[in-house]
Structure formats: C-alpha cells, structure tokens
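Written below as structure tokens is the structure these notes are about.
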Amino acid sequence: MNKIAGLILAAGAGRRMGGGLGGKLLLPYRGEPLVVHVLRKALAVCDPVVVVTGCNAAEVGHALKDVDSTLRIIQATDWNRGQARSLRAGLAGLDDVEKKEGGDMLGALVLLGDQPLVRLETLTALAEAFRGDPRSFVAPRYDGRRGNPVCIPRAWFPRVMTLDGDVGARALLDHSDACLHLVDVEDAGVLRDVDTVEDYQALLNSRDSTLVHGPQPPLVD
C-alpha cells in the first residue's frame, strides 16, 4: 500500500504564551503533554512519522521518545527563521527515510504540535481522501472554514522546499497548478491551536475526548 507519512511541526518557541520559553507543547492535557496527543494519533494513521523540533528540542524529544523510542526526530537548527524552515527540515527527513527504506510515499500529512483536539477520525478521513486523490492537497473544513492538518502531495515536496519565512504549504495553494480537496468534518479541533494562555485555559475546560487508547485521565481544571 502506498504510504502517507506524518510530519509533526513541534519547533516553535510559543512566544504568545508569554515569556517565549518554548514549553507550550509540553503543557499537560488529560495527563500527557499536548504534543504527545498529536503524536499518538499520527502514529495510528501515518507511516513513517517524523517530528521536527527546534526550541526546547531536548525536552520535547524526550517526551516523544517516551511514546515511541524508534521515532524519527529532526532538530531544525534554523527553526527561528519561520515555519517554512521547520517544514523544509521535515520534508528533507522524510526524503531520507524514503531513500533508505524504499516504498512509494504518496505524500505527507502535516500536523501542528499545538492542535491536540484534532480527532483521530478526522485524520483517518483525510488519509482516505488523499489516497483517493493523491495529486491534490487535502485539508479539513469545519463550519465553512479551512483548517489543519493538511496533506501535501509527494510531487509538491520540491516546491515546498523553496518556501521561506513564517509560512506553510498554504502559500502554494494559490499556484495555478495546485488543486485543493476539502473534506468536511464535524471537528472544531481543526481550527483550534494553543497559542495563548487563554487558548490553553479553554482547552483545559474542553470536554472533548481525543486520546487514542488507554484509560482517560481526569481533566485538569
């Protein structure tokens, strides 16, 4: 079967949380760091999975390795030059994996490390849509609004590698050759990331259950 790789962007400093310490991905939610929730769901849908770290790389990497000791983690040394640098580092890592392990990679599902509420069924729906239309970008749509994560076709990796600054693959969607396949989902999590203290408090107050497996720890209020 053609593979869909998972690429988790977990490199940012989280400056809008206050203090710029880069620790927001390690904030606890339902008994685990935010980024671990994203990883568990990515592992359930994607193969291989690569995580790009940057600020707070050692701590984030340690938390992720506790989940999967074989996980491929790439540190983007120039992460502070914008999201595009992290995205490029991740795609370069996936290219290396493909060369070493072989196989046909349809593309990559790019997930944000600060979106723990995106549901597993949403990722599954995106992957299924992408397998049916692997030449198009695939993204979720909730309540008429486009969200994340986004599937990037393998053929577009070289163009993504030309991006720079604080932009993601969305910058390519206006290209005349780009096709976008939107998947309607009942998942507000595709629009919710944790950028501020208020976002985090709203997350803690959420009753959404998003863990992939295991008992549900009590919500931290």
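The values are calculated or read from the model by the stated rules, or taken from the named source; none is laboratory data. Values in this document were obtained by computation on a predicted structure and should not be read as measured data. Neighbour counts are summed over all protein chains in view; Cβ atoms, including those assigned to glycine, are modelled from backbone coordinates with ideal geometry. Side chains are part of the model used for accessible areas, which takes the heavy atoms of the whole protein and leaves out ligands, DNA and RNA. Shrake-Rupley method; radii C 1.70, N 1.55, O 1.52, S 1.80 Å.
Looking only at Cα atoms, what is the convex hull volume of segment 1-111 per residue, in Å³?
Values: hull volume 10.6 nm³, N = 111.
Hull volume normalised by residue count: 96 Å³.
May I ask you to evaluate 6.51 cos²θ - 1.76 cosθ + 1.60, the Karplus curve with θ = phi - 60°, for each residue of segment 110-116 and list the ³J(HN,Hα) values in order in whole Hz, giving x for glycine and proline?
Each residue's phi maps through the Karplus curve to give 9, 10, 9, x, 10, 10, x Hz.
Residue-wise, which Karplus ³J(HN,Hα) couplings in Hz belong to segment 164-179, taking 6.51 cos²θ - 1.76 cosθ + 1.60, θ = phi - 60°, and x for glycine or proline?
8, x, 8, 9, x, 5, 4, 5, 8, 5, 8, 5, 4, 8, 7, 10
Let me know the volume per residue of the alpha-carbon convex hull for segment 126-195, in Å³. List each step's numbers first, then the result.
Values: hull volume 6.9 nm³, N = 70.
About 99 Å³ per residue, rounded to a whole number.
Please list, in chain and number order, the residues 5+ apart from ILE74 or on another chain whose amide H is under 5 Å from its amide H, with Hs placed from the backbone.
For ILE74, whose amide H was placed from the backbone, the distant partners under 5 Å are VAL51, VAL52, THR53.
Where the centroid of each part is defined by its Cα atoms, how far is segment 29-67 from segment 100-119 in Å?
Going from one Cα centre to the other spans 12 Å.
Can you figure out the FRET efficiency of LYS65 with LEU180, using R₀ = 25 Å and their beta-carbon distance, to the nearest 0.05? Mind dumping the intermediate values first?
Numbers: r = 35 Å, r/R0 = 1.39.
About 0.10, to the nearest 0.05.
On average over all directions, what projected area in square nanometres does segment 19-79 have, based on the convex hull of its Cα atoms? Write out the running numbers ahead of the final one.
Details: hull surface 17.6 nm².
Over all viewing directions, segment 19-79 projects a mean Cα-hull area of 4.4 nm².
Would you mind checking which residues have amide H under 5 Å from TYR29's amide H? H placed 1.01 Å from N; only 5 or more apart, or other chain.
LEU34
Just how much of THR162 is accessible, in Å², when a 1.4 Å probe is used and the result is rounded to the nearest 10?
Its heavy atoms expose roughly 100 Å² to the probe.
Across segment 142-158, in residue order, what do the Karplus-derived ³J(HN,Hα) couplings come to in whole Hz, using 6.51 cos²θ - 1.76 cosθ + 1.60 with θ = phi - 60° and x for Gly and Pro?
Per-residue couplings from phi come out as 10, 6, x, 10, 6, x, 10, x, 10, 8, 10, x, 4, 5, 8, 3, x Hz.
Cα extents of segment 84-126 along the three principal axes, largest first, in whole Å?
So the three principal-axis extents are 33, 24, 12 Å.
In percent, how large is the relative contact order of the chain, given Cα pairs closer than 8 Å and 6 or more residues apart?
On the way: 438 pairs, mean separation 57.0, N = 221.
Answer for the chain is 26 percent.
Name the long-range amide H neighbours of GLY107: under 5 Å, sequence gap of 5 or more, or other chain; modelled H, no Pro or chain starts.
So GLY107 has HN proximity to ALA5, ARG154.
Please compute the per residue accessible area over the chain with all protein chains in place, 1.4 Å probe, rounded to a whole number of Å². Could the numbers behind the result be given before it?
Values: 10290 Å² over 221 residues.
Here the per-residue accessible area is 47 Å².
Mind pulling up the Rg/Rh value for the chain? Radius of gyration and Kirkwood radius, both on Cα. List each step's numbers first, then the result.
On the way: Rg = 16.2 Å, Rh = 17.4 Å.
Ratio value, two decimals: 0.93.
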